[in-house]
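Quick notes on the structure that follows.
Bear in mind these aren't lab numbers, they're just calculated from the coordinates by the rules spelled out. Everything quoted here is computed from the prediction, not taken from an experiment. Using ideal geometry, Cβ is built from the backbone for each residue, glycine included, and neighbour counts are taken over all protein chains shown.
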Amino acid sequence: MYILVKLLKGYQKPLYYKIPQNLNLEHLQGKIVNVPIKNYNVPALVLKTYEKKPPKLNFKIREINNLQRFPDDPKFHEFVKKISKFYLVKPLYFYQRIKNFLEQNNKAIKTKLKSHSNSIESKEIILTKEQDNVFQNIKKNILTKNNAPALLHGVTGSGKTEIYKKILIETIKKNKSVILLLPEVSLAVQFEHLLKKQLAESIKIIGFHSASKISDKRELWKNLLENKSMLIIGVHLPILLPIPNLGLIIVDEEHEAGFQEKKYPKINSKELALWRAQFYDIPIILGSATPSSSSLYNLKKKNWHFYQLKKRFSGEFPTIELVFLKEEKNRYKKQFWISKQLKKEIEDRLEKKEQCLIYINRRGYSFFVQCKNCGFIFECPNCSVSLTMHKNVTGGEELLCHYCDYKKTIPNICPGCKQKEESFLRKGIGTQQAVKILQEVFPNSKIARADLDTTNKKGWTKTLQDFEDGNIDILVGTQVITKGYHFPKVTLVGILWADLNLHFPIFNAAETTLQKLIQVAGRAGRQTQNSKVIVQAIQNHEIFSYLNEENYPKFIEEELEFRKLAGFPPYKRLIQIELKNTDVPTLEKDAKKLTDLLQKNNNSDLVILGPAKPAVYKIQKTECRNIFVKTSNFKHFYEILKKIDLNSFNSSVFITPTQ
């Protein structure tokens, strides 16, 4: 017997090997074998099997060494085939990804947060009547094998995590493993730490993400090979693992875009979790205080289970006050970004020794730097974006591109009109400038920052701990502070620029903006009776009438009506086609050619939009053009795609089924 394989690492052309007679191996296609390359033993994926030696192979064919030990997950290889077809990649991609990541010795986010080890006995989980009712209903459906996806809509601070804990404990008691997905690595690290403190030592908890230590990865793989039950926590990677005894998947903050990877093939781990639960016929729970419109749509369309927690576990919902910055009566002196109302409320909290969260969804100091004399704006030479001004560690100013990390010091004269630096205006506000303003207004307070510049560094965990311990008065952050964190001493949330993201050219801008506003507002009053949220905006918008999270379902109702009329997800499926090239004329030609071919082969179902420049059309000197396809069924698009040779284009073509 002979096989055709592809190495998981290294030489990428297919290779032939022979199965030795002493190895009785069947059904090898899609499995991993160890093959000799020179003097090394390396893993390879079996692409094809042959009963006899393939013709025209006149050279000597070496024998494989053995079948590599692989977790005994009987459905995994078929699952990989299924998702490979959907994302238009080879199955090899997923096997390589698992192996490469298991071998990487990543820099772990250190979690020196009081205690790492599990308690010997778990603390008793006491549920409220409302929580217990939800838990019993979910448990009943699991016991009766009614495994339709379950959507848990729990208001902020309602204790969704307590229900997760109860269900995963029940699952692990049956020698089953559980996957818990979260939308950010920093949040996954935080959950891992908390659950290790709160659950019994008998429950093995392992984080599998970009901050995991190599020792944790090895232990994870060993447990998978030995079919041991455990809780696996991560963002994208856990759902790609072969898990023989998988019994439950939990997706927390299911509405978050963080589950969609940014690099091609842009895997969406929430979508994969839903597919895997269906493929393996196991329960899946999706939880959020602001469920996505697609999940709420599926309650009726696909008969998902629906559970609600309408009450907070402790504390009360905050009072919300909307303030328009353009109105003179609201302004505090010359500080445009701090209204009189926000200043007064911060002063009150500082006096009471309570804590404040300040939210602005932009990092850096200013959006851009512009010459007031000639209008010149500093732009990135590699990307189609303006450079963001940052303050460096010494307090000096530098311009930075958030797409390619290009850096530039601010020159002494304007490149456009040669005026001196005094003509430069710093426009917009980011987290760095917000910190500076607050330090000037409240010089005796302790202020810290949480954004992408800080959360991927080891100091982030210390900042979290200091905030929890009350050593920080005001925490300024971007969307990283909106996702699932529990800050019991926060009684005030200030949103500096609530309408900032409402005018982005994306169909779901209103939904994603409202979700972030409700989530960050929900950090206030989780264990107190009197809390407040000051929502500052420049222009009014209809979403501000839904800032009270109890009104969120009504917003989704109206949003779904708009989507239905416009033919947007979830009523239509949306596919993004990206063409990339450093040569612009070639790119334009290829984009038009592909659009014409799609139109030529189109049936009445597909709506083809484009080609068009995206908002950021150039990154690292490579330009991009987008084509969007709306369809009621992905299969229709794939049938058309079979008729088009994507290798005939000079530009790179990337296809992502986005919704």
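Quick one: compute a quarter of the convex hull surface over the Cα atoms of the stretch 92-309 and quote it in nm².
For the Cα atoms of the stretch 92-309, the hull's average projected area reads 11.9 nm².
Provide the FRET efficiency to the nearest 0.05 for the Ser445-Glu316 pair, computing r from the beta carbons and using R0 = 22 Å.
After rounding to 0.05, the efficiency reads 0.30.
Take every DSSP beta bridge whose two residues both sit in the chain, then give the antiparallel share in percent to the nearest 5.
Counting DSSP beta bridges with both partners in the chain, the antiparallel share is about 55 percent.
Please report, to one decimal in angstroms, the Kirkwood hydrodynamic radius of the stretch 524-659 built from all distinct Cα-Cα pairs.
Evaluated over the stretch 524-659, this radius sits at 18.0 Å.
Could I have the simple spin-label model distance between Lys613 and Asn471, label points 7 Å from Cα toward Cβ, reported in nm to one decimal?
The modelled label-to-label distance comes out at 4.9 nm.
Between Tyr406 and Glu557, how many nm apart are label points set 7 Å from Cα along the C-beta direction?
4.9
Shape of the stretch 2-68 from its Cα gyration tensor (a ≥ b ≥ c, root eigenvalues): rounded if a/c is under 1.5, otherwise prolate when a/b > b/c, or oblate?
Rounded is the answer for the stretch 2-68, as its axis ratio a/c remains below 1.5.
Quote the FRET efficiency, to the nearest 0.05, computed for Lys52 versus Lys564 with a Förster distance R0 of 60 Å and r equal to the Cβ-Cβ distance.
According to the calculation, E is roughly 0.55.
Counting DSSP beta bridges with both partners in the stretch 92-309, what percentage is antiparallel, nearest 5?
5
For the chain, divide the Cα radius of gyration by the Kirkwood radius and give the resulting Rg/Rh value with two decimals.
My calculation of the ratio gives 0.98.
Binning at 5 Å from 0, report for the stretch 392-519 what percent of all alpha-carbon pair distances ends up in each bin.
2, 8, 14, 19, 19, 15, 12, 7, 3, 1, 0
Stretch Val584-Ala509 to full length: gain in nm at 0.36 nm per residue minus the Cα-Cα span?
24.1 nm
Please turn the phi angles of the stretch 524-531 into ³J(HN,Hα) values with the Karplus equation 6.51 cos²θ - 1.76 cosθ + 1.60 (θ = phi - 60°), one per residue in order, whole Hz, x for glycine and proline.
Ordered by residue, 3J(HN,Hα) equals 8, x, 6, 9, 9, 8, 10, 9 Hz.
What is the order of Thr144, Thr161, fewest Cβ neighbours within 10 Å to most?
With the fewest neighbours first, Thr144, Thr161 line up as Thr144, Thr161.
Under a point spin-label approximation (7 Å from Cα along Cα-to-Cβ), what is the Lys600-Lys621 distance to one decimal in nm?
Output for this residue pair reads 3.4 nm.
Using +1 on the beta carbon of Lys and Arg, -1 on that of Asp and Glu, and nothing else charged, what's the dipole of the stretch 92-309 about the Cα centre, debye to 20?
Value, rounded to 20: 340 debye.
In whole Hz, what ³J(HN,Hα) sequence does the stretch 436-444 give by Karplus (6.51, -1.76, 1.60; θ = phi - 60°), x for Gly and Pro?
Running phi through 6.51 cos²θ - 1.76 cosθ + 1.60 with θ = phi - 60° gives 4, 4, 5, 5, 6, 6, 10, x, 9 Hz.
Using θ = phi - 60° and the Karplus form 6.51 cos²θ - 1.76 cosθ + 1.60, what ³J(HN,Hα) does each residue of the stretch 497-513 get, whole Hz, x for Gly and Pro?
So the Karplus estimates, Gly and Pro as x, are 8, 5, 9, 4, 9, 6, 10, 5, x, 10, 5, 10, 4, 5, 4, 5, 5 Hz.
Are there cysteines in the chain with no other Cys C-beta under 4.7 Å, and if so, which?
Cys356, Cys404, Cys624 - these cysteines have no disulfide-compatible partner (Cβ-Cβ under 4.7 Å) in the chain.
Which entries in the list Lys217/Lys446; Lys166/Lys516; Lys75/Lys600; Lys82/Lys618; Lys301/Lys532; Lys9/Lys166 go over 30 Å, if you measure between the two C-alpha atoms of each?
As for pairs spanning more than 30 Å Cα to Cα, those are Lys217/Lys446; Lys75/Lys600; Lys82/Lys618; Lys301/Lys532; Lys9/Lys166.
I need the per residue convex hull volume for the stretch 367-427, using only the alpha carbons, in cubic angstrom as a whole number.
Per residue, the Cα convex hull of the stretch 367-427 comes to 79 Å³.
With both bridge residues required to lie in the stretch 367-427, what share of the DSSP beta bridges run antiparallel, to the nearest 5%?
Around 100 percent of the beta bridges assigned by DSSP in the stretch 367-427 are antiparallel ones.
Grab every C-alpha pair in the stretch 464-546, bin the distances at 10 angstrom width from 0 up to the longest one, and report whole percents.
Here the calculated profile for the stretch 464-546 is 16, 49, 26, 8, 0.
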